[in-house]
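The values are calculated or read from the model by the stated rules, or taken from the named source; none is laboratory data. Computed from a predicted model, the values in this text were never measured in an experiment. Counting neighbours? That spans all protein chains shown, and the Cβs are built from the backbone with ideal geometry, glycine included. Quick note on the areas: whole protein, heavy atoms, side chains included, nothing else; ligands and nucleic acids left out. Shrake-Rupley method; radii C 1.70, N 1.55, O 1.52, S 1.80 Å.
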Amino acid sequence: MLGKRNHSGSVPPNGKKKLRKRSTVELVPESEQIFQGKVFYYVPPDDKAQPRRIRINKAIKFGAAWTTELSLSTTHIVVDKTLTFKDVMTFLKLETLPSNIIMVSEDYPIDSIESRFLLDPKQKQYTVSGYQEMSKVERAAPPSPTMSEHASEDTAALKQPPSHSKELVHGSEIDDTSARVQISQPQNHDMDDHKKMIKLARSMEHIPINDEDDDQEDDIPPSRDQSDESGSDVEPRRPSSHNRPKSKRKGSRNLSFNQEGFTCMTGGTGITTDSNPNARTIEILQKMADYYVETKDHWRQSAYRKTIGVLRKQNTKISSYDEAIRLPTIGHRLALKIEEIVLTNGLRRLNDVVSDPRFHVLQTFMNIYCVGINQAWNWVQQGHTSLEDLKAHVSLTKNQQLGIEHYDEFLTRIPREEVTALGNFVRDAAVSIDPKVEVIIGGSYRRGASSSGDIDFILTKRSTTSSQELLEFLTSLTNHLTKVGFLVAALLTPSQTGSKWHGCCVLPGILKSIWRRIDFLLVPGSELGAALIYFTGDDIFNRSIRLLASKKGWRLNQRGLYKDVLRGPGRVRLNEGSLIEGADENKIFAALGVPWRPPEQRICN
DNA sequence: GACCAGGTCGC
DNA sequence: GCGACC
DNA sequence: GGTC
Ligand SMILES: O=c1ccn([C@H]2C[C@H](O)[C@@H](COP(=O)(O)OP(=O)(O)OP(=O)(O)O)O2)c(=O)[nH]1
Ligand SMILES: [Mg+2]
């Protein structure tokens, strides 16, 4: 289930996207759209059968969104009359029906349309056989008969497949709303949520938030399997050169690309220019990016993140489509979105997926170390709602158990001073074991951050040419640090050819010390430059510079910069390539034609 | 319509 | 091979 | 989501 597929989700030049809201469907006037804000998941989840296709189109016409992937935004499961409640649950691999989802027979939408009102789904003729009234216990009341509105409204879609699943069709998305109160300050209590969302977002990054009504079409996520993909990360846009010869892409890589457009060429400081004129826009885009977590549209999320990074660097307010479209990584749709955000001061209707309790549960679960979107969603679907639930009812890996035990600790940022202190402790121990070993703190600390999510150490030694030469040292170090009470848990240990160790540590002697995540990377002297680039990040910067290398037919990883890399279909690497440089950070930048920038200027996220 | 970084480790 | 993480 |  999860995704791995790709498809693209792009939009044809003229614009529309794939989320089709059924391109051929003409919606009835808004006042008659009784399913506005409702998201229907049909079982079976396709429109291959003619009758079902007609019914689905009709529902869409009356305002419904159709999803082929069960998600947090799904409001109704519409079931074929030949199926029973049990069939559906088995098909969806669910034990209990999420409390916000109403299961109805396929007659429900039709009859509602005929009566021009949302009917009461609890009426016997619409219940699915075997669907007992568990509903009354659980949920308050589904939409009442005559009202078309109801609490749920819409929401962004969080989608996840039961076991397969696919597209969401029209979508529910987040949109803006100037009228609504906003999202603007959301952050307070969300501080925490915010981080979670980023995790969500990062992991899956995909999902469509859409504009509300732009009715046109854009909304649906990629249909099909899962996410779409397209470039989100680091990418360049070529300035002007129009007609360049179309390179033949086949076996040969496309040699023409705009290096200046790569994020790594300009870097970033992470500082939102004081009172950045685009702060509000950034805020909204961040929200949108966060919500995309729901689905698995990893690339879309990436695109939003890049745009945020670009806006952060601007000293002037980007208000119009034309100003926005000139900026790297901002294309047609994001430019439109930016203009609209500025004009309306917000999203018209950022759905509140956030108000869906399951969304919070999802976030809670995803914040467990070693729990990602897939696992979290499965648990949510199974009806689990708390960490206690998980402890009692699901099987957890060792790391996940630790993640739950130290849930809050792992989410607590580490002040820079403490990182420095932890670093000194490790350095002292390392040097006492092998004076020739050098200890470098990388990660956000090396970029100058005032607080870090974890501590990243590079353990290196000049004379070495392979990380294995340092394995013995690592063992001594971790043993020692464990003995003295500094290391308190191991999460991942290097396998024979390995070069990394992950675990938890505390500053010994402190009464209530907080468990901190700590990572060691073994680096031979010959690879130090590449390792520094890697471990210094940030991740966006790394992806950018690595993509740039690949455009040149090279490859950059934590060990070095390689040339003559052959790639097959799907960019699959066919050989190792030959080393250009690994030891010197500066030389790698130079070889790539990237102006040197210190760690503090590699903050692109 | 292809592609969006490249890798390690656990299960 | 997939999921999660760096 | 964007780029080519
Ligand atoms: O997907 C990723 C994640 C991380 N890194 C690199 C860059 C990053 O700087 C370093 C350390 O990872 P970590 O997750 O610790 O990030 P950080 O930059 O140190 O931030 P934080 O303060 O959250 O630890 O590993 C990548 O190349 N790709
Ligand atoms: Mg870190």
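Worth pointing out:
- Rg and Dmax, both from the Cα atoms of region A:545-603 and both in Å, are 11.9, 37.
- Cα-projected label distance for A:Cys370 with A:Ser476, points at 7 Å along beta-carbon direction, nm: 2.9 nm
- Shape annotation for region A:273-324: C-alpha extents along the principal axes are 33, 23, 14 Å, from largest to smallest.
- Computed over protein heavy atoms with a 1.4 Å probe, the accessible surface of region A:545-603 works out to 50 Å² per residue.
- The modelled label-to-label distance between A:Ser275 and A:Val572, using points 7 Å beyond Cα along the C-beta direction, is 5.6 nm.
- Once you reduce region A:550-572 and region A:83-109 to the center of their Cα atoms, the two points are 48 Å from each other.
- The lysine pair tally for region A:492-597, using Cα distances under 26 Å and a gap of 8 or more places or different chains, is 7.
- Stretched out straight at 0.36 nm per residue, the stretch from A:Lys398 to A:Lys81 would grow longer than its current Cα-Cα span by 109.7 nm.
- Using 0.36 nm per residue and subtracting the Cα-Cα separation, the extra length available between A:Lys483 and A:Ile514 on full extension is 9.4 nm.
- Mean Cβ count within 10 Å, highest first, over the residues of peptides A:521-533, A:593-605: A:521-533, A:593-605
- A:Ser395 contributes about 100 Å² of solvent-accessible surface, heavy atoms of the protein only, 1.4 Å probe.
- The 3J(HN,Hα) values that the Karplus relation (6.51, -1.76, 1.60; θ = phi - 60°) gives for region A:412-426 are, in residue order, 8, 6, 9, x, 3, 4, 6, 4, 4, 5, 4, x, 5, 4, 5 Hz. Gly and Pro appear as x.
- Accessible area per residue for region A:414-530, computed on protein heavy atoms with a 1.4 Å probe, is 44 Å².
- Solvent-accessible surface of protein heavy atoms, probed at 1.4 angstrom with all chains present, puts A:Trp299, A:Trp377 in the order A:Trp299, A:Trp377, largest first.
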